[in-house]
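Trainee: I'd like to ask you about the structure that follows.
The values are calculated or read from the model by the stated rules, or taken from the named source; none is laboratory data. Note that this is a predicted model, so its numbers are computed, not measured. Here the Cβ is made from the backbone with ideal geometry for all residues, glycine too, and neighbour counts use every protein chain on show. Accessible surface areas use protein heavy atoms only, side chains included; no ligands, DNA or RNA. Shrake-Rupley method; radii C 1.70, N 1.55, O 1.52, S 1.80 Å.
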Amino acid sequence: MSRTIVVTGGGTGIGRAVALRFAEAGDAVVVTGRRPAPLKETVAASGDRIRALECDGADPDQLRRLLEQLPERVDVLVNNAGGNTDFDRAEPDSLESLSQQWQANFTANVLTTVLTTQALADRLVDHGSVISIGSIAAEFGAGAYGAAKAALATWNISAATDLGARGITANVVAPGYIADTEFFRDQLTPERRAHLIGSTKNGRVGQPSDVAETVFFLASAGARHITGQILHLNGGARTTR
Ligand SMILES: NC(=O)c1ccc[n+]([C@@H]2O[C@H](COP(=O)([O-])OP(=O)(O)OC[C@H]3O[C@@H](n4cnc5c(N)ncnc54)[C@H](OP(=O)(O)O)[C@@H]3O)[C@@H](O)[C@H]2O)c1
């Protein structure tokens, strides 16, 4: 049976790959984001099978408008919207700019996820799935961005608790370096890229499709007993026991 999937930040990179993966499986997919142009590209890449709705996931008014346009039932919510907002701003040189830096990263990564999940909570079907995209940065410090992704992972425990009574799972997929997205803007040097790849145990470049396959699995019937977890997807750049 076709499911309804909502993917935030589905106009580019990982979000687009996730959206296309579900669409290929025959699910009805809605992608959201702030910029119309990338959203249209995702729709075109899907052969017009995916629907796009403009929405800033950190804006309560826009989320309420989104709800009016979404179906009554949503099976899977993928909280993918986010990124390291430090790439868009100068290094902080005052308490004011430091405050803005931290607020921007928390807004982009934590608020988008918390507010979108709360907005859609009553639409989520029993035994549905909420999958949020974290980051390896949460394990390595990484300033405001890493702290925001760590907060997201902790919030996920509350989400798994609150939604668990309805059989809804809540998990975080935490990627390492994933190429072919807008994440690094144009600021990833060849040296840094080589270092990131060299940090893996398989010498492999992570692809958006790697994340998409993991997200697809977490939303599947075979993953109903996985909840409240962080799934690390990083070629062994950071290992767990
Ligand atoms: N690439 C990596 O190496 C990597 C590694 C670990 C984790 N991640 C995480 O993976 C996720 C996807 O990133 P990506 O690599 O695919 O980079 P990306 O291409 O920059 O994708 C981020 C997407 O999020 C959307 N977005 C940002 N803020 C939003 C908001 N307030 N409301 C709605 N949409 C918003 C952006 O669209 P608009 O600007 O049009 O809104 C964009 O489509 C992010 O959470 C990122 O932190 C990426």
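Trainee: Looking at the range 45-97, which of its residues are within 15 Å of the ligand (Cβ to nearest atom) and open to solvent by 70 Å² or more (accessible area, probe 1.4 Å)?
Mentor: Hits for the range 45-97 are E54, D61, R64, R65, Q69, D88, R89.
Trainee: Consider only pairs whose beta carbons are under 9 Å apart and that are at least six residues apart or on different chains; among these, list those whose first residue lies in the range 23-37 and is more than 14 Å from the ligand (Cβ to nearest atom) and at pLDDT 95 or above and whose second residue is open to solvent by 60 Å² or more (accessible area, probe 1.4 Å) and assigned to a strand (DSSP E or B).
Mentor: If the second residue must be open to solvent by 60 Å² or more (accessible area, probe 1.4 Å) and assigned to a strand (DSSP E or B), the pairs left are A28/R51; V29/R51.
Trainee: So which of T214, T161, T240 ends up being touching a strand residue (DSSP E or B) at 6+ places or on another chain (Cβ under 8 Å), open to solvent by 60 Å² or more (accessible area, probe 1.4 Å) and hydroxyl-bearing (S, T, Y)?
Mentor: Values: T214 fails: open to solvent by 60 Å² or more (accessible area, probe 1.4 Å); T161 fails: touching a strand residue (DSSP E or B) at 6+ places or on another chain (Cβ under 8 Å).
Answer to the check: T240.
Trainee: Further question on the same structure: For A121, indicate whether it is without any contact (Cβ under 8 Å) to a residue 60 or more places away in the chain, of a type in the set (A, V, I, L, M) and open to solvent by 20 Å² or more (accessible area, probe 1.4 Å).
Mentor: Details: without any contact (Cβ under 8 Å) to a residue 60 or more places away in the chain: yes; of a type in the set (A, V, I, L, M): yes; open to solvent by 20 Å² or more (accessible area, probe 1.4 Å): no.
Answer is no for this residue.
Trainee: Condition (residue is assigned to a loop (DSSP other than H, G, I, E, B) and either modelled with pLDDT under 95 or away from the ligand (no atom under 13 Å from the Cβ) (or both)) applied to the range 149-159: is it met by at least one residue? Walk me through it before giving the result.
Mentor: Of the residues in the range 149-159, the ones assigned to a loop (DSSP other than H, G, I, E, B) are none.
No, the range 149-159 contains no residue that is assigned to a loop (DSSP other than H, G, I, E, B) and either modelled with pLDDT under 95 or away from the ligand (no atom under 13 Å from the Cβ) (or both).
Trainee: Next up: Return yes or no: is P175 open to solvent by less than 40 Å² (accessible area, probe 1.4 Å), at pLDDT 95 or above, touching an Asp or Glu at 6+ places or on another chain (Cβ under 7 Å) and not hydroxyl-bearing (S, T, Y)? Give the steps one after another, and end with the answer.
Mentor: Working: open to solvent by less than 40 Å² (accessible area, probe 1.4 Å): yes; at pLDDT 95 or above: yes; touching an Asp or Glu at 6+ places or on another chain (Cβ under 7 Å): no; not hydroxyl-bearing (S, T, Y): yes.
In short, no.
Trainee: Here is a list of conditions, (1) open to solvent by less than 30 Å² (accessible area, probe 1.4 Å); (2) in contact with a helix residue (DSSP H, G or I) (Cβ under 7 Å, 6 or more places away or on another chain); (3) under 22 Å from V18 (Cα atoms), and T181 meets all of them except one; can you say which number that is?
Mentor: Only one criterion is unmet by T181, namely (1).
Trainee: Here are the criteria: (1) surrounded by fewer than 16 Cβ atoms within 10 Å (Cβ to Cβ); (2) free of Cβ contacts under 8 Å to residues at least 40 places away in the same chain; (3) in a helix (DSSP H, G or I). Tell me which single one I197 does not satisfy.
Mentor: The number of the failed condition is (1).
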